[in-house]
Amino acid sequence: MNDERIKEIIKQSILDIQKENEDISKSGIFLDVDEAISAAKQAFKRYLKITLKERSEIIQVIKDRILLEADGLAEMTVSETGMGNAEDKAEKFIWATTKTPGVEDLVTLARTDDGGMTLYELSPYGVVCSVAPVTNPCSTLVNNVFSALAAGNAIIHCPHPRAKKVSELLIEKISSIIREVCGIDNLVVMVKNPSIKKVRQAMRHPDINLIIATGGHGLLKEALVCGKKVIGGGSANPVCIVDETANIEKAAIDIVESSSFDNNLMCVTEKNIVVVKSISENLKENLKKNGAYHITSPIELIKLTKACIDQNMQPNKRLNGMDANKILKLAGINCSRKIKIILVDCIKEHPIVVNEMLMPILPIVEVENFDKALEVALEIEQGLRHTAVIHSQLIERLSRGAKEMQTSIFVKNGPAFSGIGFRNDRELSMTVASVTGEGTVTARHFARTRRCVLCEGFSIR
């Protein structure tokens, strides 16, 4: 090895060390899982002394500051992940920031009787491990961070590797704001260059007391064997029933608006439709009026299937979150107008129907009547108990559908994403804990319930 090559290697080593030192100096950013959790634990001990009012003030300052970054973060997310579109991601981030509830969600319950008073209070767990999906990296991050902070916890965030840069930027910004406002550093942390190995290490760490796993079933299974309290979402395949009594024009608007949002990356949005045959053509026409391209040709169906389903009969992940027009072009299907969603007639067993595609593709299955629609919808949803939608004007059918579907989110006569508080005045949750049973998750779920008993007093009835 010549002298010039040795000098080059030494120079690069020095630069690498300097880069690592720069990374370490960033608030909330660490190179090692143990160091990150240790720092968060120390921050938590200081945060315990903060009042509820001060928690709320800290969260509000963070919200005010990061809202200014919504557009830039959205564009960076699309660039880094290659999924979705910036406009929708910015809106999703704004809703997650402004509509995530805070300390007001920590409701105290009290019971009194002749024996005294019993309080049920919500207290922090300590250090929370949050595992986020690549589909909604920034909105899930802030939603979980605000819930954790409101409940009084510190948090280590484990982003998907494909969203590591934008996640690091956002974590560093949030951690710096907290340090500036209250002097507590590293209350919110993450580890550089996230990987499955590091996620496993974080989940199993003895100082982690609660795991929030938002995403696929595989990672959730690993979380559930860690011996910790776990709040877990799982797989989803949201189905939408439209019967002959529905307001067809409104149903079509709602379905396209929700299922096309961020190119159908959200787990809660409609992934398929089951429609009563007598109004099927009317619904399809209205879906087309609102931006759907309808595939009717068997040849086009074959082309689309080849493009979006791989040889293992699973969704082609390269198309996740891809624009509808680009998917058609990739499949070799000509479409001269800008569209939002690809509508395709299918049998209920088709892989586009039974898989969660995470693409702006909306299969539609025709049935004879409502009874059959409910039966088929249950088959398509596959007992995941995540999300279902029904458009009907009959109360009996709305009620029956809710009881039989047993999903964590059930939306009646509206867009599916309204079920998590999107585009309405309800609290917003980016985690749907369909597996562990909490449903939509807010600050109260990031706290443990403690029972405090006062004997012989405070019953004034």
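Normalising by residue count, region 281-342 has a Cα convex hull of 95 Å³ per residue. The reciprocal of the average 1/r between distinct C-alpha atoms defines the Kirkwood hydrodynamic radius, which for region 81-140 equals 15.3 Å. Here the Karplus relation 6.51 cos²θ - 1.76 cosθ + 1.60, evaluated at θ = phi - 60°, turns the backbone of region 252-264 into coupling constants of 5, 4, 4, 5, 5, 4, 7, 5, 8, 4, 6, 6, 6 Hz, with x for every Gly and Pro. Pairs of Cα atoms nearer than 8 Å and 6+ residues apart set the relative contact order; for region 239-427 it is 31 percent. Working from label points 7 Å from Cα in the Cα-to-Cβ sense, the E375 to L48 distance is 5.9 nm. Between amide H atoms placed 1.01 Å from N, distances below 5 Å from V128 occur with A154, I155, I156, all of them 5 or more places distant or on a separate chain. Spherically averaged projected area of the convex hull of Cα atoms, region 51-190: 9.0 nm². Extending 7 Å from the Cα toward the beta-carbon at both S79 and Q314 defines two label points whose distance is 3.1 nm. Distance distribution P(r), the chain, all Cα-Cα pairs, bin width 10 angstrom from 0: 4, 20, 27, 22, 16, 8, 2, 1, 0, 0 percent. Over 24 Å apart at the Cα level, from the set K289/K329; K198/K326; K26/K198; K306/K326, are K198/K326. Size descriptors for region 308-390, from the alpha-carbon set: Rg then Dmax equal 14.0, 39 Å. Of the residues I409, A447, V432, the one whose Cα sits farthest toward the positive end of the charge dipole of region 397-452, with +1 on the Cβ of Lys and Arg and -1 on the Cβ of Asp and Glu, is A447. Taking only the Cα atoms of region 239-427, the radius of gyration and Dmax are 15.3, 45 Å.
Given in Å, the Rg to one decimal and the Dmax to the nearest whole number for the Cα atoms of region 157-313 are 21.9, 64. Which percentage, to the nearest 5, of the DSSP beta bridges contained in region 239-427 is antiparallel? Here the antiparallel bridges make up roughly 5 percent for region 239-427. Helix content alone sets the calculated 222 nm mean residue ellipticity of the chain: runs of n ≥ 4 DSSP H residues at -39500 (n - 2.57) each, divided across all residues, give -13500 deg cm²/dmol.
No lab work stands behind these numbers, since they all come straight from the coordinates. The model shown is predicted, which means the values in this text are computed figures rather than measured ones. Positions of Cβ are generated from backbone atoms using ideal geometry, with glycine treated the same way; all protein chains shown enter the neighbour counts.
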